[in-house]
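Novice: Structure in structure tokens, see below.
The values are calculated or read from the model by the stated rules, or taken from the named source; none is laboratory data. All of these numbers come straight from a predicted model, not from anything done at the bench. Note: ideal-geometry Cβ built from the backbone for every residue, glycine included; neighbour counts use all protein chains shown. For accessibility, only protein heavy atoms count, side chains too; no ligands or nucleic acids. Shrake-Rupley method; radii C 1.70, N 1.55, O 1.52, S 1.80 Å.
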Amino acid sequence: MEIGIYGGTFNPVHLGHIHLLRAVMETGWLDELLVMPDRTPPHKEAPGLIDGEKRAEMLSLALEGMKGVRLSRLELESEGKSYTYLTLRRMKELFPNDRFSLIMGADMLLSFDKWRRWEEILENASLIAAARDEGEYERLLEKAAQLGKTRVLKIEPLPISSTDVRLAVKQGRSLSGLVPEAVEAYIRQNHLYQE
Ligand code: ATP
């Protein structure tokens, strides 16, 4: 089996994330895709980063009904900082017969060789990346050729970030077109991102 791993903070999940997920599933390259929110270290809460459980609940809402896509709590439930090389070591122990692909947006691929133990990561997984903004595709192809083991998806970019969503909440704007409706309802009900 080929298992995709889509990691991130998802603070909160937005339509740009979902757009990438759908595009990846449409390729047929993956048998299963795990969406893996990272952990919030209790002593190191970044400003505006909400509790992992709430981020996971919003992901569950957003992923409902997507075939082959599941939420994974592996990083949420592990100790310490969520380093991808450690996550991959753990995944290999759990699923010794499977292959892994990491899914990421352009910002992540372009800085991939700054990640801790990135060479080890590339020994244990391949990468699948896509543009977040117009004009990134060519740069991604170049980077992919440099790194090897990297596939670049040609998608129409949907330039949304979690930062945009948090800002929209603070400014009292509608979140339609930014997050799925169920996620907007959850954010309102739980009074998230108001400060
Ligand atoms: P923030 O604005 O808080 O920095 P973010 O929108 O970048 O958050 P993350 O949860 O950090 O979201 O991203 C998780 C993964 O999803 C990363 O690989 C990132 O590149 C990718 N990603 C985020 N937004 C998009 C988008 N609009 N299109 C494609 N990929 C995206």
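Novice: Based on the Cβ-Cβ distance of R139 and E2, what FRET efficiency does E = 1/(1 + (r/R0)^6) give at R0 = 30 Å, to the nearest 0.05?
Specialist: That pair, R139 with E2, gives E of 0.70.
Novice: Oh, and also: Pairing the Cα long axis of helix 15-27 with the longest principal axis of the chain, what angle in degrees results, from 0 to 90 and rounded to the nearest 10?
Specialist: The angle comes out at about 30 degrees.
Novice: Using only C-alpha positions, report the orientation-averaged shadow area of the convex hull of segment 63-121, nm², one decimal.
Specialist: 5.3
Novice: Between L71 and N97, with labels modelled 7 Å along Cα→Cβ, what's the label distance in nm to one decimal, could you check?
Specialist: Calculated label separation equals 2.9 nm.
Novice: What Rg and what Dmax come out for segment 11-102 when only alpha-carbon atoms are used, in angstroms?
Specialist: 13.9, 41
Novice: Using a cut-off of 22 Å between alpha-carbon atoms, which lysines can reach K92, once sequence neighbours fewer than 8 places away in the same chain are excluded?
Specialist: K81, K149
Novice: I would also like to ask the following. With every protein chain present, what is the per residue accessible area of the chain (1.4 Å probe, Å²)?
Specialist: Result: 53 Å² of accessible area for each residue.
Novice: Quick one: Cα convex hull volume of segment 47-188, Å³ per residue?
Specialist: 145
Novice: Among the aspartates and glutamates, select those whose C-alpha is under 15 Å from the C-alpha of K154, and discard any that sit fewer than 8 residues away in the same chain.
Specialist: The reachable aspartates and glutamates, counting only those whose Cα sits under 15 Å from K154, are E26, D133, E134, E136, E138, E142.
Novice: Also: With n ≥ 4 as the cut-off for DSSP H runs, can you work out [θ] at 222 nm for the chain, using -39500 (n - 2.57) per run divided by the number of residues, rounded to the nearest 500?
Specialist: Calculated mean residue ellipticity at 222 nm is -11500 deg cm²/dmol.
Novice: Follow-up question, since we're still on this one. Over the chain, what percent of the accessible surface lies on carbon and sulfur atoms, probe 1.4 Å?
Specialist: Whole-percent figure for carbon plus sulfur exposure: 48.
Novice: Whats the longest run of the chain with zero trypsin sites (Lys or Arg not before Pro) that are DSSP loop and have at most 16 other Cβ atoms within 10 Å?
Specialist: Longest run free of exposed loop sites: 1-66.
Novice: Now, a different point. On a straight-distance basis, which lysines could pair with K170 in a cross-link, Cα separation under 19 angstrom, same-chain partners fewer than 8 positions away excluded?
Specialist: Result set, ordered by chain and number: K54.
Novice: Please list the non-local residues whose amide H lies under 5 Å from the amide H of T150, H modeled 1.01 Å from N, same-chain partners needing a gap of 5 or more.
Specialist: Amide H to amide H, under 5 Å and 5 or more residues apart or across chains, T150 pairs with L127.
Novice: In Å and on Cα atoms, what radius of gyration and Dmax does segment 100-175 show?
Specialist: When restricted to the Cα atoms of segment 100-175, Rg and Dmax are 14.7, 46 Å.
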